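The values are calculated or read from the model by the stated rules, or taken from the named source; none is laboratory data. Nothing here was measured: the structure is a model prediction, and the numbers come from that model. Using ideal geometry, Cβ is built from the backbone for each residue, glycine included, and neighbour counts are taken over all protein chains shown. Only protein heavy atoms, including side chains, enter the accessible area calculation; ligands, DNA and RNA are left aside. Shrake-Rupley method; radii C 1.70, N 1.55, O 1.52, S 1.80 Å.
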Amino acid sequence: MSHIPPPLPDVSLPDPAAEDELLFLRQRLHTLELAMGILEEGFWDWDLASGRVWRSPGFYRMLGYAAEAVPDTPEGFLRLIHPEDRERVARLFSEFLQRGQGTCVAEFRCKLADGRYLWVEDEAFWVTQGERVSPLRVIGSLKDVHKRKLAELALRHKSFQLENLNLQLENLVRRRTRELERANALLRTQLAEITRLSTHDSLTELYNRRKFEAVLADELEKSGQGLKPLCLLIFDIDYFKRINDQYGHPVGDQVLVGLARWVTARMRQTDTFARWGGEEFILLLPRTRREEAWGLAERLREGLAAEAFTQAVRLTVSMGVAQLRPGETGESLISRADQYLYQAKLSRNCSVSHP
């Protein structure tokens, strides 16, 4: 009977290639652990199944806490967020969890161990394993962005100050513009009043002597120095001193104003009516011959005599009418009309004219 030895146990010899791969992975893991300890940036890893959060040494160095001082839960870190930022960050992270994909980035103030606050940026990522669709973990990085954030806030503050200054400047410009517009309007009003006072009689508001002389000079040119008819009518209130003496100067002023309005209402647009001085008035009639001017003088004289002015004061006027002669000056025309007026006043309540 032959002896048959029992079979040898099936013992697999170590696979040199697999051992090398395992060693390589262990070395890489050690390198990664060293890198995590060196980096200033903080890293964290949240296991969704257990609810625990692992944080890198750089995380604790950044915030100044010992590892055991911060609970290894999301809520433990949430309490370190500034109260003014906490609700916003919680809402962002809640929306991120509901999506179940993508990333979440938030900037906020985080409380340091010494009580100060540090601006940080927290970026979270979903991590899946193999063919699983549902994520198993959420990882993230915590960066110190304090200097950049302070610079941004300072720039924003400066921009806000600049906007306020621009707004104040715009308001100041608008206010100054309105003030300037009001001042210019007042100046225009004052200038118009000065101009009016320089050309009009302050009592009757008729043209004054200076303005009348300017109009006369202009009409002389238009008439071709007498080639076209031009007449002048000058009249004076008879016994005006008696009106002032009997009723007083205020009544006398009212009579002058009433007469000015009465005559103005009966003028043509081309005629020029002015107060020559005192109770004396002058009327320039372009494109009018002596006979026409004489007829107008008579109508005015008769109408004024029939008119009852203030306090039933009645008056009469004496008139001188002259037509411009060829080559005659304005001064000569006025002088001749004034001579005819003087002759009329010798009789009172009449009109005098000569060819």
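Label separation (Leu112 vs Thr195): 7.4 nm, computed from points 7 Å beyond Cα along the C-beta direction. A probe of 1.4 angstrom, applied to the heavy atoms of all protein chains, finds Thr195 with accessible area near 70 square angstrom. Sequence-ordered 3J(HN,Hα) estimates for the range 292-305 from the Karplus curve with 6.51, -1.76 and 1.60 and θ = phi - 60° stand at 5, 5, 4, x, 5, 4, 5, 5, 5, 4, 5, x, 5, 5 Hz, glycine and proline given as x. Note on His82 and Lys158: the model spin-label points, each 7 Å out from Cα along the C-beta direction, lie 2.0 nm apart.
Rounded to 0.05, the FRET efficiency of the Tyr65 and Ser94 pair, given R0 = 25 Å and the Cβ-Cβ distance, is 0.50.
You can think of it this way: the chain between Glu302 and Ile139 has 47.2 nm of extra reach, that is 0.36 nm per residue less the Cα-Cα gap. Whole-Hz Karplus values for the range 118-123 come out as 10, 6, 10, 10, 10, 10 Hz, taken residue by residue from phi with 6.51 cos²θ - 1.76 cosθ + 1.60 and θ = phi - 60°; glycine and proline positions read x.
In order along the range 72-80, the phi-based Karplus estimate (6.51 cos²θ - 1.76 cosθ + 1.60, θ = phi - 60°) of 3J(HN,Hα) comes to 7, 9, x, 5, x, 7, 4, 5, 7 Hz; Gly and Pro are listed as x. Just the protein heavy atoms count here, and of the accessible area of the chain at 1.4 Å, carbon and sulfur take up 56 percent. Once the trypsin sites (Lys or Arg not before Pro) in DSSP loops with at most 15 neighbouring Cβ atoms within 10 Å are cut out of the chain, the longest remaining piece is 133-265. Would you mind checking the tilt of helix 209-222 against the longest principal axis of the Cα atoms of the chain, expressed as 0 to 90 degrees and rounded to 10? Orientation of helix 209-222: about 80 degrees from the principal axis.
With helices as the sole contributors, the chain gives -17000 deg cm²/dmol at 222 nm; each DSSP H run of n ≥ 4 counts as -39500 (n - 2.57), and the sum is divided by every residue. In this structure, the amide hydrogen of His200, modeled 1.01 Å from its nitrogen in the peptide plane, lies closer than 5 angstrom to those of Asn208, counting only residues at least 5 positions away or on a different chain.
Heavy atoms of the protein chains alone define the surface here; on that basis the range 144-206 has 82 Å² accessible area per residue at 1.4 Å probe size. The alpha-carbon atoms of the chain define a convex hull whose volume equals 380 cubic angstrom per residue. Compared with the dominant Cα axis of the chain, that is its longest principal axis, helix 83-99 is turned about 60°. Near Val352, the amide H atoms lying under 5 Å from its own belong to Met319, Gly320, Val321; only residues 5 or more places off or on other chains count, and H is placed 1.01 Å from N.
The amide H of Arg52, built 1.01 Å from its N in the peptide plane, has Asp47 as neighbours under 5 Å, considering only residues 5 or more places off or on other chains. Relative to the longest principal axis of the Cα atoms of the chain, the long axis of helix 16-38 lies at roughly 40 degrees. Annotation for Arg287 and Thr316: the two label points, set 7 Å from Cα along the Cα-Cβ direction, are 3.6 nm apart.
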